[in-house]
């Protein structure tokens, strides 16, 4: 909501004043365009542009912060900066504005992060992103010259890189017992034998049931003497 409020505040100020804040967009390979690396996602060309981006951004940001928690701030910040820097270096001449670049980064991060972790909850979120926004893949191609497809492309690449980079951080798939066995075996040199504990459960006085014997084994640590 903070991100969306910032976008709408900038847009409404731009609509209500004579100052065109869109002049602070990202202009590739120019000194004045450097500020656009930080401001371009907050600027939009019109009502349709900001409404479409706001709906998509809300869904993706809500999903990311709900499932990945504080890691979402790092993903958001890095995708914002990475896509902006690459656009400044390699995009076409012009004035690039809009949150679309970050949206593509969020979508690809959520998808690949869920697949890499192989965690059913996160993979379900990846499936939702594909179902809702799978058609976004066409946005990375230069189909419409009036759309900053470079921002879409660089944002998507940033999201994939961040998914690989942060794959060990954030929520992880719980490990199964057989996955933990190698860790135990690696530490077997600290133990020399098993300790057997016997639990005997006798039937009650009014019952003719069998005597139940349960065996429990524990590692005995090696003496430090």
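Looking for something more than 30 Å from residue 32 (Cβ to Cβ), touching a helix residue (DSSP H, G or I) at 6+ places or on another chain (Cβ under 9 Å) and at pLDDT 90 or above - is there at least one such residue anywhere in the range 87-96? Before the answer, list the steps.
First pass over the range 87-96, keeping only residues more than 30 Å from residue 32 (Cβ to Cβ): none.
The answer is no; no qualifying residue exists.
When you scan the range 57-77, do you find a residue that is surrounded by fewer than 20 Cβ atoms within 10 Å (Cβ to Cβ) and farther than 27 Å from residue 173 by Cβ, even just one?
Yes, the range 57-77 contains at least one residue that is surrounded by fewer than 20 Cβ atoms within 10 Å (Cβ to Cβ) and farther than 27 Å from residue 173 by Cβ.
Name the residues in the range 30-56 that are in contact with a strand residue (DSSP E or B) (Cβ under 8 Å, 6 or more places away or on another chain) and closer than 15 Å to residue 76 by Cα, would you? Please lay out each step first, then the result.
Of all residues in the range 30-56, those in contact with a strand residue (DSSP E or B) (Cβ under 8 Å, 6 or more places away or on another chain) come to 33, 36-37, 39-40.
Once the filter is applied, which keeps residues that are in contact with a strand residue (DSSP E or B) (Cβ under 8 Å, 6 or more places away or on another chain) and closer than 15 Å to residue 76 by Cα, the range 30-56 yields 37, 39, 40.
Against the condition in contact (Cβ under 8 Å) with a residue 40 or more places away in the chain and either surrounded by 13 or more Cβ atoms within 10 Å (Cβ to Cβ) or assigned by TED's automatic domain parsing to the domain that holds residue 115 (or both), how does residue 34 come out, does it pass?
On the way: in contact (Cβ under 8 Å) with a residue 40 or more places away in the chain: yes; either surrounded by 13 or more Cβ atoms within 10 Å (Cβ to Cβ) or assigned by TED's automatic domain parsing to the domain that holds residue 115 (or both): yes.
So residue 34 fits the description; yes.
Quick check on this structure: which one of 147, 81, 157, 143 is at pLDDT 95 or above and surrounded by fewer than 17 Cβ atoms within 10 Å (Cβ to Cβ)? Even if it seems obvious, please write down each step before you answer.
Details: 147 fails: at pLDDT 95 or above; 157 fails: surrounded by fewer than 17 Cβ atoms within 10 Å (Cβ to Cβ); 143 fails: at pLDDT 95 or above.
Just one listed residue meets the conditions, 81.
Can you report the number of residues in the range 141-162 which are over 22 Å from residue 61 (Cβ atoms) and assigned to a helix (DSSP H, G or I)?
Taking the range 141-162 as the starting set, the residues that turn out to be over 22 Å from residue 61 (Cβ atoms) are 141-146, 149-150.
Filter once more, keeping what is assigned to a helix (DSSP H, G or I): 149-150.
Of the residues in the range 141-162, 2 are over 22 Å from residue 61 (Cβ atoms) and assigned to a helix (DSSP H, G or I).
Quick check on the range 100-140: of everything there that is modelled with pLDDT of 85 or more and over 17 Å from the mean Cα position of the chain (by Cα), which residue is surrounded by the most Cβ atoms within 10 Å (Cβ to Cβ)?
139
If a residue has to be under 14 Å from the mean Cα position of the chain (by Cα) and in contact (Cβ under 8 Å) with a residue 60 or more places away in the chain to count, how many in the range 42-98 make the cut? Full working, then the answer.
Let us first name the residues in the range 42-98 that are under 14 Å from the mean Cα position of the chain (by Cα), namely 57, 59-80.
Still in the list and also in contact (Cβ under 8 Å) with a residue 60 or more places away in the chain: 59-60, 63, 67-69, 71, 74-76, 78-79.
The number of residues fulfilling the criteria is 12.
The values are calculated or read from the model by the stated rules, or taken from the named source; none is laboratory data. This one's a predicted model, so the numbers in the text were calculated from it and none came from an experiment. Methodologically, a virtual Cβ is constructed for each residue, glycine included, from the backbone with ideal geometry; neighbour enumeration extends over all protein chains shown.
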